[in-house]
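Chemist: One structure, as C-alpha cells, below. Some questions next.
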Ligand SMILES: [Zn+2]
C-alpha cells in the first residue's frame with residue numbers, strides 16, 4: 001500500500017464537497033453530457049502529470065456522464081484542473097492541513113509542531129509513521145502560515161475551491177482495523193498519541209480554566225480540555241473559510257465518518273464548522289463494519305448537521321473488493337439517508353462509473 005493509500009486507509013485520513021454543482025461553461029467548453037441536477041458525486045484524485053490532455057478529456061467526460069460534479073485534486077496540475085472544468089466538473093484543490101511535513105517548515109519552525117502528553121514533538125518524534133508531522137493548532141503563526149497556503153491555492157483562476165484534508169489532531173485512537181498493524185491496544189488514550197501539550201496549548205487552557213492539563217490526574221477524561229481542542233481545529237477551519245469567502249470559492253473538508261467517531265478519535269467537531277459541504281470518509285472496512293453501516297453513518301452526520309450544509313458520503317473503493325452490487329447498495333443507502341451524493345476514493349473505472357450512475361436513479 002503506498003503512502004497516500006495508507007493515510008486514507010488509516011483513516012488517518014485524508015479527503016471533501018460542493019453544492020449541487022452548477023456547471024460553468026467556458027466559451028470553449030463542450031456541453032456537459034448530463035444536466036446539472038444529476039451531477040452530484042465527487043472523486044478524490046492524485047493527478048498524474050503523465051496523463052495527456054486527450055486522455056483527460058475522455059476520462060472527465062465519462063466522469064461527468066456518470067454524474068460526477070466535483071473533483072478534489074491532491075496536487076496542483078493545471079492540465080487536470082482545466083480538463084475537468086471543460087467537461088463541466090468543478091476542480092478543487094485538496095490540501096493536507098495540519099499534517100505538514102514540508103522540509104523547509106520542519107527545518108525553520110520545529111517549534112510550530114504539536115507535542116504529545118509525554119512532551120515529544122512531531123518535529124522529532126512523528127507518531128505511528130514518519131510522515132505524521134502535525135502542527136499545533138493553537139499557535140497564531142501556524143494559523144497565518146495555513147492562511148497563506150490557502151491564499152496561494154485559491155488565487156489561481158483554475159482552482160474552484162479549497163478542500164481540507166488532515167484537518168484534525170493526530171489519531172489519539174486508530175480505527176480498530178489498524179490496531180493489529182501496529183501491535184497496540186488503544187482501548188484507552190495513550191500519552192504518546194495524545195496531542196497537543198505544547199507550552200502554548202497548556203498556557204491558553206490554563207488561562208481559561210486555571211489548571212495546566214499536564215497537572216490533571218486524568219487529562220483524557222476532562223470534557224473542557226477536549227472541548228478546548230475541538231475548538232482549536234474549528235478555529236483553523238474558520239480562518240481558512242474566511243480566505244475562501246474572500247475569493248468567493250467554496251471550502252469543503254474530508255472528515256472522519258461520523259460526528260461521534262470524529263470527535264472521539266481525532267477531535268474533529270465538524271458539524272460545527274463553517275463549510276460549504278463535507279465529505280465524511282465512511283470507509284466501512286476500517287471500522288470492521290458492513291455496507292449497511294454507510295447508511296447509518298450518513299444518517300448520523302445528516303442529523304448532526306441540521307441542514308447547515310450538504311454531506312457527501314466518502315466511499316473507499318478497495319473496501320468493496322470489486323463487488324459492484326455492494327457498491328450500488330452503498331450508494332443507494334447513502335442517498336436514501338440524506339447524502340447529497342458520494343465521494344469516491346480509489347480506482348474509478350468504467351464499471352464503477354456505471355454502478356454509481358445506476359445507483360443514482
Ligand atoms: Zn499546542
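Chemist: Could you check what % of the DSSP bridge pairs in the chain are antiparallel, to the nearest 5? Please list the in-between numbers first.
Modeler: Working: 4 of 34 bridges.
Within the chain, antiparallel bridges account for around 10 percent of the total.
Chemist: For the chain, what is the calculated [θ] at 222 nm in deg cm²/dmol (nearest 500), taking -39500 (n - 2.57) for each run of four or more DSSP H residues and dividing by its residue count?
Modeler: Value at 222 nm, helices only: -11500 deg cm²/dmol.
Chemist: Right, something else. What relative contact order, as a whole-number percentage, does the chain give when Cα pairs under 8 Å and 6 or more residues apart are counted? Numbers along the way, then the final one.
Modeler: Values: 724 pairs, mean separation 68.7, N = 361.
Normalised by residue count, the contact order of the chain is 19 percent.
Chemist: For the chain, modelled as a GNM with alpha-carbon contacts under 10 angstrom, which of 113, 228, 63 fluctuates the most?
Modeler: In the Gaussian network model the winner is 228.
Chemist: Let me ask another. Considering only 121, 350, 108, give the residue with the highest GNM mean-square fluctuation for the chain, with springs between Cα atoms whenever their separation is below 10 Å.
Modeler: Answer for the Gaussian network model of the chain: 108.
Chemist: When only alpha-carbon atoms count, how far does the chain stretch along each of its three principal axes, as whole angstroms with the largest first?
Modeler: Cα spread of the chain along its principal axes, largest to smallest: 62, 41, 37 Å.
Chemist: Tell me, what is a quarter of the convex hull surface for the C-alpha atoms of the range 179-247, in nm² with one decimal? Please report the intermediate quantities before stating the final value.
Modeler: On the way: hull surface 27.4 nm².
With every direction weighted equally, the projected area is 6.8 nm².
Chemist: For the range 167-216, just say rounded, prolate or oblate: build the C-alpha gyration tensor, square-root its eigenvalues into a ≥ b ≥ c, call rounded for a/c under 1.5, and beyond that prolate if a/b exceeds b/c, oblate if not. Display every interim value, and only then the final one.
Modeler: Numbers: a/c = 3.60, a/b = 2.52, b/c = 1.43.
Here the range 167-216 falls in the prolate category.
Chemist: Give the shape of the range 191-296 as rounded, prolate or oblate, defined through the alpha-carbon gyration tensor: a ≥ b ≥ c are the square roots of its eigenvalues, a/c under 1.5 means rounded, and otherwise the shape is prolate if a/b is larger than b/c and oblate if not. Present the calculation step by step, with values, prior to reporting the outcome.
Modeler: Details: a/c = 2.98, a/b = 1.27, b/c = 2.35.
In terms of gyration-tensor shape, oblate.
Chemist: Using alpha-carbon positions, what is the distance between the centroids of the range 189-222 and the range 56-80, in Å?
Modeler: Taking the Cα centre of each part, the range 189-222 and the range 56-80 sit 44 Å apart.
Chemist: Would you look at the GNM of the chain, springs on alpha carbons closer than 10 Å, and say which of 143, 68, 251 moves the most?
Modeler: 143
Coordinate-derived values only; no laboratory data. All figures in this text were calculated on a predicted structure; none of them were measured in a lab.
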